[in-house]
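To keep things clear, I will list the structure first and then write my remarks on it.
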Amino acid sequence: QRSPRTRDELWSWIKDILDVDVARAPLTPGHSTPMDYLWHAFSEGGDTNASDPPHPIDCVVWANRGGGKTFMGALATALDLIFKPGIEVRILAGSVEQGHRMHAHLMRLFAREPLQDLVHGKMTERRIELTNGSVVELLAQSQASVRGTRVQKLRCDEVELFHSAVWEAAQLTTQSKRCGLFDVRGSVECMSTMHVPYGVMHRLVQEAAQGKRRLFKWGVLDVLGPCEQSRACETRGPGGAVRYCGLI
(Lines give C-alpha, C1' and ligand atoms only; values in the text may rest on other atoms or scores of the structure.)
Protein backbone atom coordinates (compact mmCIF):
# COMPACT_ATOMS: atom_id res chain seq x y z
CA GLN A 1 0.00 0.00 0.00
CA ARG A 2 1.17 3.53 -0.77
CA SER A 3 2.16 5.37 2.37
CA PRO A 4 0.21 8.53 3.23
CA ARG A 5 2.48 11.54 2.73
CA THR A 6 0.57 14.29 4.54
CA ARG A 7 -1.47 14.63 7.69
CA ASP A 8 -4.68 14.90 5.65
CA GLU A 9 -3.82 11.79 3.63
CA LEU A 10 -3.19 9.87 6.84
CA TRP A 11 -6.52 10.99 8.30
CA SER A 12 -8.34 9.99 5.11
CA TRP A 13 -6.62 6.58 5.04
CA ILE A 14 -7.69 5.87 8.61
CA LYS A 15 -11.26 6.98 7.85
CA ASP A 16 -11.57 5.11 4.53
CA ILE A 17 -9.79 1.86 5.42
CA LEU A 18 -10.46 1.50 9.14
CA ASP A 19 -13.70 3.50 9.41
CA VAL A 20 -12.27 5.48 12.33
CA ASP A 21 -13.00 9.21 12.48
CA VAL A 22 -10.09 10.64 14.46
CA ALA A 23 -10.64 14.01 16.15
CA ARG A 24 -8.41 16.63 14.55
CA ALA A 25 -9.69 19.98 15.86
CA PRO A 26 -9.45 20.64 19.62
CA LEU A 27 -12.34 22.35 21.38
CA THR A 28 -10.28 23.41 24.39
CA PRO A 29 -7.74 26.23 23.84
CA GLY A 30 -4.17 24.99 24.22
CA HIS A 31 -5.07 21.33 23.82
CA SER A 32 -3.92 18.83 21.20
CA THR A 33 -5.94 16.18 19.39
CA PRO A 34 -5.49 12.45 18.83
CA MET A 35 -4.65 13.26 15.20
CA ASP A 36 -1.76 15.45 16.37
CA TYR A 37 -0.32 12.45 18.21
CA LEU A 38 -0.90 10.01 15.34
CA TRP A 39 0.81 12.28 12.83
CA HIS A 40 3.77 12.80 15.17
CA ALA A 41 4.19 9.03 15.65
CA PHE A 42 3.66 8.17 11.99
CA SER A 43 5.85 10.92 10.50
CA GLU A 44 8.69 10.40 13.00
CA GLY A 45 8.43 13.83 14.55
CA GLY A 46 5.71 15.70 12.73
CA ASP A 47 5.84 18.87 10.68
CA THR A 48 9.10 20.79 10.90
CA ASN A 49 10.82 23.23 8.59
CA ALA A 50 14.13 22.11 7.14
CA SER A 51 15.90 24.94 8.99
CA ASP A 52 14.33 24.07 12.35
CA PRO A 53 15.61 21.43 14.75
CA PRO A 54 13.41 18.30 14.77
CA HIS A 55 10.80 17.91 17.47
CA PRO A 56 11.68 15.54 20.33
CA ILE A 57 10.63 12.09 19.17
CA ASP A 58 9.84 10.81 22.67
CA CYS A 59 6.34 11.95 23.56
CA VAL A 60 3.75 12.02 26.33
CA VAL A 61 0.01 11.58 25.76
CA TRP A 62 -1.90 13.05 28.71
CA ALA A 63 -5.64 12.55 28.48
CA ASN A 64 -8.76 11.78 30.45
CA ARG A 65 -10.07 8.34 31.30
CA GLY A 66 -12.08 7.10 28.36
CA GLY A 67 -10.32 9.57 26.08
CA GLY A 68 -9.04 6.92 23.69
CA LYS A 69 -5.37 6.84 24.72
CA THR A 70 -5.08 3.07 24.55
CA PHE A 71 -6.89 2.81 21.22
CA MET A 72 -4.78 5.61 19.73
CA GLY A 73 -1.65 3.76 20.84
CA ALA A 74 -2.93 0.64 19.09
CA LEU A 75 -3.80 2.64 15.97
CA ALA A 76 -0.34 4.25 15.88
CA THR A 77 1.18 0.78 16.22
CA ALA A 78 -0.93 -0.60 13.37
CA LEU A 79 0.19 2.26 11.11
CA ASP A 80 3.83 1.62 12.00
CA LEU A 81 3.52 -2.08 11.25
CA ILE A 82 1.77 -1.55 7.92
CA PHE A 83 3.89 1.23 6.43
CA LYS A 84 7.32 0.67 8.03
CA PRO A 85 8.49 -2.81 7.00
CA GLY A 86 10.74 -4.54 9.50
CA ILE A 87 9.89 -2.24 12.40
CA GLU A 88 9.77 -3.74 15.89
CA VAL A 89 7.33 -2.30 18.42
CA ARG A 90 6.79 -3.34 22.02
CA ILE A 91 3.83 -2.57 24.28
CA LEU A 92 4.53 -2.13 27.98
CA ALA A 93 1.66 -1.31 30.33
CA GLY A 94 1.26 -0.54 33.99
CA SER A 95 -0.71 -3.76 34.46
CA VAL A 96 -1.25 -7.03 32.60
CA GLU A 97 -4.89 -6.12 31.96
CA GLN A 98 -4.00 -2.72 30.50
CA GLY A 99 -1.41 -4.22 28.16
CA HIS A 100 -3.91 -6.75 26.87
CA ARG A 101 -6.41 -3.96 26.16
CA MET A 102 -4.09 -2.29 23.67
CA HIS A 103 -3.12 -5.63 22.13
CA ALA A 104 -6.81 -6.57 21.85
CA HIS A 105 -7.46 -3.35 19.92
CA LEU A 106 -4.64 -4.32 17.56
CA MET A 107 -6.02 -7.82 17.03
CA ARG A 108 -9.42 -6.40 16.15
CA LEU A 109 -7.89 -3.97 13.67
CA PHE A 110 -5.93 -6.71 11.90
CA ALA A 111 -8.94 -9.02 11.87
CA ARG A 112 -10.66 -6.61 9.45
CA GLU A 113 -10.43 -6.62 5.70
CA PRO A 114 -8.10 -5.73 4.06
CA LEU A 115 -5.64 -5.78 6.97
CA GLN A 116 -6.10 -9.47 7.74
CA ASP A 117 -4.25 -10.35 4.55
CA LEU A 118 -1.16 -8.54 5.89
CA VAL A 119 -0.82 -10.86 8.92
CA HIS A 120 1.86 -13.55 8.79
CA GLY A 121 0.77 -16.74 10.48
CA LYS A 122 -1.60 -16.57 13.44
CA MET A 123 -2.06 -13.65 15.81
CA THR A 124 -1.49 -14.59 19.45
CA GLU A 125 -2.31 -12.91 22.74
CA ARG A 126 1.21 -11.50 22.90
CA ARG A 127 2.49 -11.12 19.33
CA ILE A 128 1.48 -10.05 15.82
CA GLU A 129 3.80 -10.35 12.82
CA LEU A 130 3.08 -9.01 9.33
CA THR A 131 4.23 -10.39 5.99
CA ASN A 132 6.54 -7.36 5.60
CA GLY A 133 8.57 -8.41 8.66
CA SER A 134 7.06 -5.92 11.11
CA VAL A 135 6.45 -7.25 14.62
CA VAL A 136 4.69 -6.10 17.78
CA GLU A 137 4.93 -7.91 21.10
CA LEU A 138 3.47 -7.38 24.55
CA LEU A 139 6.08 -7.10 27.33
CA ALA A 140 5.72 -8.10 30.94
CA GLN A 141 6.04 -5.41 33.62
CA SER A 142 9.49 -6.52 34.80
CA GLN A 143 13.08 -5.33 34.51
CA ALA A 144 14.18 -8.64 32.95
CA SER A 145 11.55 -8.37 30.20
CA VAL A 146 12.37 -4.75 29.44
CA ARG A 147 16.17 -4.89 29.58
CA GLY A 148 16.40 -7.56 26.90
CA THR A 149 14.59 -5.36 24.38
CA ARG A 150 16.18 -3.51 21.44
CA VAL A 151 13.37 -2.16 19.30
CA GLN A 152 12.42 0.96 17.41
CA LYS A 153 9.37 1.94 19.45
CA LEU A 154 8.28 1.28 22.99
CA ARG A 155 4.69 2.32 23.75
CA CYS A 156 3.97 2.58 27.46
CA ASP A 157 0.34 2.65 28.57
CA GLU A 158 -0.72 4.02 31.98
CA VAL A 159 2.82 4.91 33.01
CA GLU A 160 1.43 6.29 36.27
CA LEU A 161 1.24 2.64 37.40
CA PHE A 162 4.84 1.76 36.45
CA HIS A 163 7.39 0.67 39.02
CA SER A 164 10.25 3.19 39.04
CA ALA A 165 12.91 0.56 38.28
CA VAL A 166 10.97 -0.73 35.26
CA TRP A 167 10.47 2.81 33.97
CA GLU A 168 14.17 3.60 34.24
CA ALA A 169 15.06 0.36 32.45
CA ALA A 170 12.66 1.22 29.63
CA GLN A 171 14.67 4.32 28.68
CA LEU A 172 17.51 2.19 27.29
CA THR A 173 15.52 -0.14 25.05
CA THR A 174 15.23 1.60 21.68
CA GLN A 175 17.40 2.02 18.61
CA SER A 176 16.89 3.73 15.24
CA LYS A 177 16.50 1.83 11.99
CA ARG A 178 15.67 2.36 8.33
CA CYS A 179 12.25 0.80 7.70
CA GLY A 180 11.16 1.08 4.09
CA LEU A 181 10.71 4.77 3.26
CA PHE A 182 11.11 5.84 6.90
CA ASP A 183 14.16 6.59 9.02
CA VAL A 184 12.57 5.42 12.25
CA ARG A 185 13.97 7.19 15.30
CA GLY A 186 14.15 5.02 18.40
CA SER A 187 11.51 6.39 20.75
CA VAL A 188 9.59 5.86 23.97
CA GLU A 189 5.95 6.98 24.00
CA CYS A 190 4.05 7.38 27.25
CA MET A 191 0.27 7.45 27.71
CA SER A 192 -1.56 8.05 30.95
CA THR A 193 -3.89 10.03 33.11
CA MET A 194 -2.28 11.91 36.00
CA HIS A 195 -3.62 10.94 39.41
CA VAL A 196 -0.55 10.36 41.63
CA PRO A 197 0.88 13.55 43.17
CA TYR A 198 4.47 13.98 41.96
CA GLY A 199 4.38 10.55 40.33
CA VAL A 200 5.86 9.32 37.05
CA MET A 201 3.38 11.22 34.88
CA HIS A 202 3.97 14.48 36.74
CA ARG A 203 7.70 14.14 36.07
CA LEU A 204 7.12 13.39 32.38
CA VAL A 205 4.91 16.44 31.90
CA GLN A 206 7.62 18.55 33.51
CA GLU A 207 10.20 17.08 31.11
CA ALA A 208 7.90 17.98 28.21
CA ALA A 209 7.74 21.57 29.47
CA GLN A 210 11.55 21.60 29.37
CA GLY A 211 11.56 20.45 25.73
CA LYS A 212 12.83 16.93 26.45
CA ARG A 213 9.62 15.25 25.27
CA ARG A 214 6.69 16.34 23.14
CA LEU A 215 3.38 16.68 24.97
CA PHE A 216 -0.04 15.86 23.55
CA LYS A 217 -2.89 16.73 25.90
CA TRP A 218 -6.62 16.44 25.38
CA GLY A 219 -9.78 16.22 27.46
CA VAL A 220 -13.24 14.78 27.10
CA LEU A 221 -14.55 17.80 25.15
CA ASP A 222 -11.85 17.37 22.50
CA VAL A 223 -12.88 13.81 21.64
CA LEU A 224 -16.67 13.97 21.84
CA GLY A 225 -18.46 12.81 18.72
CA PRO A 226 -21.42 14.69 17.22
CA CYS A 227 -24.89 13.73 18.44
CA GLU A 228 -27.14 12.01 15.93
CA GLN A 229 -30.26 13.81 14.70
CA SER A 230 -32.36 10.79 15.63
CA ARG A 231 -31.93 7.26 16.91
CA ALA A 232 -34.23 4.25 16.88
CA CYS A 233 -34.62 2.53 20.24
CA GLU A 234 -36.32 -0.72 21.05
CA THR A 235 -38.79 -1.11 23.93
CA ARG A 236 -41.14 -3.88 24.92
CA GLY A 237 -44.79 -3.24 25.57
CA PRO A 238 -47.45 -5.34 27.26
CA GLY A 239 -47.11 -9.01 26.48
CA GLY A 240 -43.53 -8.57 25.33
CA ALA A 241 -44.45 -6.89 22.03
CA VAL A 242 -41.53 -4.98 20.50
CA ARG A 243 -42.09 -1.29 19.87
CA TYR A 244 -39.71 1.16 18.17
CA CYS A 245 -39.51 4.86 18.78
CA GLY A 246 -37.40 7.57 17.23
CA LEU A 247 -35.53 9.80 19.69
CA ILE A 248 -35.10 13.36 18.38
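The values are calculated or read from the model by the stated rules, or taken from the named source; none is laboratory data. Quantities reported herein were computed from a predicted structural model and do not represent experimental measurements. Don't worry about glycine lacking a Cβ; one is built from the backbone with ideal geometry, like all the others, and counts go over all protein chains shown. Ligands, DNA and RNA are excluded from the accessible area calculation, which covers all protein heavy atoms including side chains. Shrake-Rupley method; radii C 1.70, N 1.55, O 1.52, S 1.80 Å.
Among the residues making up region 63-78, those that are in contact with a Leu (Cβ under 7 Å, 6 or more places away or on another chain) and open to solvent by less than 10 Å² (accessible area, probe 1.4 Å) are Ala74, Leu75, Ala76, Thr77, Ala78. Take the conditions (1) farther than 21 Å from Gly45 by Cβ; (2) surrounded by fewer than 19 Cβ atoms within 10 Å (Cβ to Cβ); (3) more than 18 Å from the chain's Cα centre (by Cα); Val166 misses just one of them, which is (2).
Suppose the filter is of a type in the set (A, V, I, L, M), free of Cβ contacts under 8 Å to residues at least 60 places away in the same chain and exposed (fewer than 14 other Cβ atoms within 10 Å of the Cβ); does Leu172 pass it? Yes: the conditions hold for Leu172.
Scanning region 181-195 for residues that are open to solvent by 40 Å² or more (accessible area, probe 1.4 Å) and in a loop (DSSP other than H, G, I, E, B) yields a count of 4.
Look through Thr28, Thr33, Thr6 and report the one residue that is polar (S, T, N, Q) and open to solvent by less than 20 Å² (accessible area, probe 1.4 Å). Walk me through it before giving the result.
Details: Thr28 fails: open to solvent by less than 20 Å² (accessible area, probe 1.4 Å); Thr6 fails: open to solvent by less than 20 Å² (accessible area, probe 1.4 Å).
Criteria check complete, one pass: Thr33.
Quick check on my filter: what residues within region 92-121 are β-branched (Val, Ile, Thr) and either at pLDDT 95 or above or farther than 15 Å from Glu137 by Cα (or both)?
Residues of region 92-121 β-branched (Val, Ile, Thr): 96, 119.
Matches in region 92-121: Val119 only.
I need a count of the residues in region 138-150 that are closer than 25 Å to Gly180 by Cβ and either at pLDDT 95 or above or basic (Lys, Arg) (or both). Spell out the reasoning first.
Our first condition is that a residue be closer than 25 Å to Gly180 by Cβ; within region 138-150, this holds for 138-139, 149-150.
Then drop every residue that is not either at pLDDT 95 or above or basic (Lys, Arg) (or both), which leaves 150.
Qualifying residue count, region 138-150: 1.
Collect the residues in region 121-139 that are in a loop (DSSP other than H, G, I, E, B), over 19 Å from Arg2 (Cβ atoms) and either without any contact (Cβ under 8 Å) to a residue 12 or more places away in the chain or open to solvent by less than 20 Å² (accessible area, probe 1.4 Å) (or both), keeping them in residue-number order.
The answer is Gly121, Lys122, Thr124.
Here Leu38 meets the list (1) in contact (Cβ under 8 Å) with a residue 12 or more places away in the chain; (2) surrounded by fewer than 18 Cβ atoms within 10 Å (Cβ to Cβ) almost entirely, failing just condition (2).
Taken over region 80-118, the criterion of being open to solvent by 10 Å² or more (accessible area, probe 1.4 Å), in a loop (DSSP other than H, G, I, E, B) and touching an Asp or Glu at 6+ places or on another chain (Cβ under 6 Å) is satisfied by Gly94 alone.
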